[in-house]
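What follows is calculated from the coordinates using simple rules that are stated; it is not laboratory data. If you're wondering where the values come from, they're calculated on a predicted model, not measured in any experiment. Reconstructed Cβ throughout: ideal geometry from the backbone, glycine too, with neighbour counts over all protein chains shown.
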Amino acid sequence: FTIPGVPFVFAGDECEQTTVRGYPSKDGGYQRTGARLSMKWDESTPSFGFSTRASADCYLPTCPETRTVERCEKDPASLLNFIRQLNAVRSSDPDLTAHEGFELLSAPLSFRRGKTVVLINLKDEEASLPVGSGRVLLQVGEAEFTGNTIRCGGHSGIVFQED
C-alpha cells in the first residue's frame with residue numbers, strides 16, 4: 001500500500017484465511033482449490049453467511065479455521081482493520097499514488113515517496129532514520145517520531161509525512 005503500483009489482497013487474506021490442503025480438485029483448481037474457499041462473513045448460517053446452504057453443500061466449503069469478517073471488523077487489531085487504515089493513508093496521501101517516485105533510503109527497509117517516508121523494521125533490534133519535522137500517518141508495533149528521528153522497535157513500521 002506504500003510502494004508504487006496497485007495493492008493486491010487476495011480474497012480472504014484480510015481475515016487471515018489460509019490455504020486448506022487436501023481438498024479434491026474442482027474445475028482444474030488442483031492444489032489451488034484450498035485457496036478458493038468461500039469467505040466467512042458471519043455466523044448467521046451453517047456456511048457462515050456465504051450461503052443459506054450447509055457448508056458441505058456449497059461448491060467449496062468454508063475454511064474451518066478462519067475468523068469471520070464480522071469478528072475481524074469488531075477487532076481493532078485485526079489485519080482487516082489494519083489494511084483499511086493503510087488504504088485510508090494511501091487514499092489521502094498524494095505521495096503514495098502510482099505517479100510519485102520511489103527513493104530507497106538506508107535502515108533495514110526505508111524509502112521516500114515525495115514527502116512521505118516509510119520505515120519498516122523486520123529485524124529484532126531497533127532501527128531509526130533521521131527525518132525533518134512532520135507527522136506520523138500510521139504506525140504498527142513500537143514506532144515513534146521524536147526530535148527529527150523516526151524509530152521502530154523490532155518488527156514494527158511507520159509511515160511519516162514531512163512538512
For labels at HIS155 and ALA77 in the simple 7 Å Cα→Cβ model, what's the distance in nm? 1.2
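If r is the Cβ-Cβ distance from GLU162 to ALA88 and R0 is 22 Å, what FRET efficiency results, to the nearest 0.05? Don't jump to the answer; show the numbers that get you there.
On the way: r = 19 Å, r/R0 = 0.88.
Result of the calculation: an efficiency of 0.70.
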How many nm separate the modelled label positions at ASP13 and GLU142, each set 7 Å beyond the Cα in the direction of the Cβ? 2.9
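Take peptides 23-31, 152-160 and line them up by average Cβ neighbours within 10 Å, highest first, as a rough protection proxy. Could you put the intermediate results ahead of the total?
On the way: 23-31: 11.1, 152-160: 20.7.
Packing proxy ranking, top to bottom: 152-160, 23-31.
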About the Cα centre, and with charges only on the beta carbon of Lys, Arg (+1) and Asp, Glu (-1), how big is the dipole of the chain? Nearest 20 debye, please. 440
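So what's Rg/Rh here for the range 1-92, counting alpha carbon atoms and using the Kirkwood radius for Rh? Don't jump to the answer; show the numbers that get you there.
Working: Rg = 14.9 Å, Rh = 14.4 Å.
With Rh from the inverse mean 1/r over Cα pairs, Rg/Rh is 1.03.
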When the charge dipole of the chain is computed with +1 at the Cβ of Lys and Arg and -1 at the Cβ of Asp and Glu, the Cα pointing farthest to the positive end, of PRO130, THR19, LEU96, is that of THR19
Give the Cα extents of the range 32-145 along the principal axes, in whole Å, largest first. 57, 33, 28
Fraction of alpha-carbon pairs in the range 64-130 farther than 15 Å apart, rounded to whole percent, equals 66
Crossing angle, helix 79-92 versus the chain [Cα axis fit, 0-90 degrees, rounded to tens]: 50
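Return LEU138, LEU37 ranked ascending by Cβ neighbour count within 10 Å, so the fewest neighbours appear first.
Fewest-to-most ranking of LEU138, LEU37: LEU138, LEU37.
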With the calculation restricted to Cα positions, what are the radius of gyration and Dmax of the range 98-162 in angstrom? 10.8, 33
